[in-house]
Amino acid sequence: MSIKVSKLAAEMARAAKEELGEAWPEVSGFAKHELGGLARTMVMIGTLVAQGKVTKTQARLLLDIQKNSTRMVMLTAEGLGVIGVERAINAAVGTVREAVNASVGWRLL
Amino acid sequence: MKGVKRARVVERLLRWATLVALGSILPGCTVRYIAEYDEQLDTQVMQLQRKIEVLLVRIEGRVGTPGSDYGRFEGDYDAIEVDLRTIEVRVASKPQNRRTAQQVGLLKQSVAAMKAIHQEGITDVDVVAVLREQFRSAFVAILTLELAKKRGAS
């Protein structure tokens, strides 16, 4: 059974998009690139197993590492989304800073 | 009249509550939901990445010979584990660093898995190629988030 890297990468990106929701536009570049790499590795593991180059235990361990790396990519994507929200709030506060400081008569913001 | 007065008081209180809330969530005038950039962590993670890459290159060059046996690399794994624990403590000491802490925990698990794979014996360079790509992704993830914290700073 052959697995196509592009198909797998697209499926992984779709799942990530669902998981990350509104943050997706902000993080899609990073996530698509890294998940594409991980899809290639996934296919390579399949080939190693098919060719008998790893034992069953080793194959399971490689899959564990694969899951960990994918999770780490998703954590970064999530973090990038949070930083995006932070930036948006700070920009919004920046726009009202002068008005608020003037209204209280001292530098609150 | 009483109702109008009360409404004015409530309005004034709400206005002040909003300002106090803004002030309290904005130390230094910015909100922060994620830890600040840590230059030392950045350096430590890059050094660890280099150690793992050196290990992979050494294994790769010796695959198929007794030189690739796990026993010859025990010291390398010990050094990597020490680095990981140091990084783990540093990451845990920073507030709002949950995601990076989770990533370091996952990296620790991955190193343990690689060690177990090596203990069983690596007989083909393609196994090293897979491990290299997996660890590359892991390190890119950690460093990208860390650098984004720097860019996120105002």
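Points worth noting:
- Filter pass, A:Gly81 being assigned to a helix (DSSP H, G or I) and buried (at least 17 other Cβ atoms within 10 Å of the Cβ): yes
- Selection from region A:48-61 of residues that are assigned to a helix (DSSP H, G or I) and within 7 Å of chain B (Cβ to nearest Cβ): A:Leu48, A:Thr57, A:Gln58, A:Leu61
- Scanning region B:61-74 finds no residues that are among the hydroxyl-bearing types (Ser, Thr, Tyr), within 14 Å of chain A (Cβ to nearest Cβ) and in a loop (DSSP other than H, G, I, E, B).
- Restricting attention to region B:83-98 and to residues that are over 14 Å from B:Val45 (Cβ atoms) and assigned to a helix (DSSP H, G or I), the residue that is nearest to the other protein chains (Cβ to nearest Cβ) turns out to be B:Arg98.
- Of all residue pairs spaced 6 or more apart or on separate chains, those with beta-carbon atoms under 6 Å, a first member in region A:61-85 that is under 10 Å from B:Arg99 (Cα atoms) and a second member that is modelled with pLDDT of 95 or more and of a type in the set (S, T, N, Q) are A:Met72/B:Gln103; A:Leu75/B:Gln102; A:Leu75/B:Gln103; A:Thr76/B:Thr144.
- Contacts under 7 angstrom Cβ, first residue in region B:107-126 being at the interface with another protein chain (Cβ under 7 Å from one of its Cβ atoms) and assigned to a helix (DSSP H, G or I), partner of a type in the set (Ser, Thr, Tyr) and exposed (fewer than 15 other Cβ atoms within 10 Å of the Cβ), 6 or more apart: B:Glu120/A:Thr55; B:Glu120/A:Thr57
- Among the residues here, A:Val100 qualifies as within 7 Å of chain B (Cβ to nearest Cβ) and free of Cβ contacts under 8 Å to residues at least 60 places away in the same chain.
- Taken residue by residue, region A:62-78 has at least one member that is assigned to a helix (DSSP H, G or I), at the interface with chain B (Cβ under 9 Å from one of its Cβ atoms) and farther than 17 Å from B:Gln134 by Cβ.
- A:Glu34 fulfils the conditions (1) closer than 28 Å to B:Glu133 by Cβ; (2) not in a helix (DSSP H, G or I); (3) not polar (S, T, N, Q) except for a single criterion, (2).
- Conditions (1) within 9 Å of chain B (Cβ to nearest Cβ); (2) modelled with pLDDT under 95; (3) surrounded by fewer than 19 Cβ atoms within 10 Å (Cβ to Cβ): number failed by A:Val43: (1)
The values are calculated or read from the model by the stated rules, or taken from the named source; none is laboratory data. Treat the numbers as computed from the prediction; the structure is a model and nothing was measured. Virtual Cβ from ideal backbone geometry, glycine too; neighbours counted across all protein chains shown.
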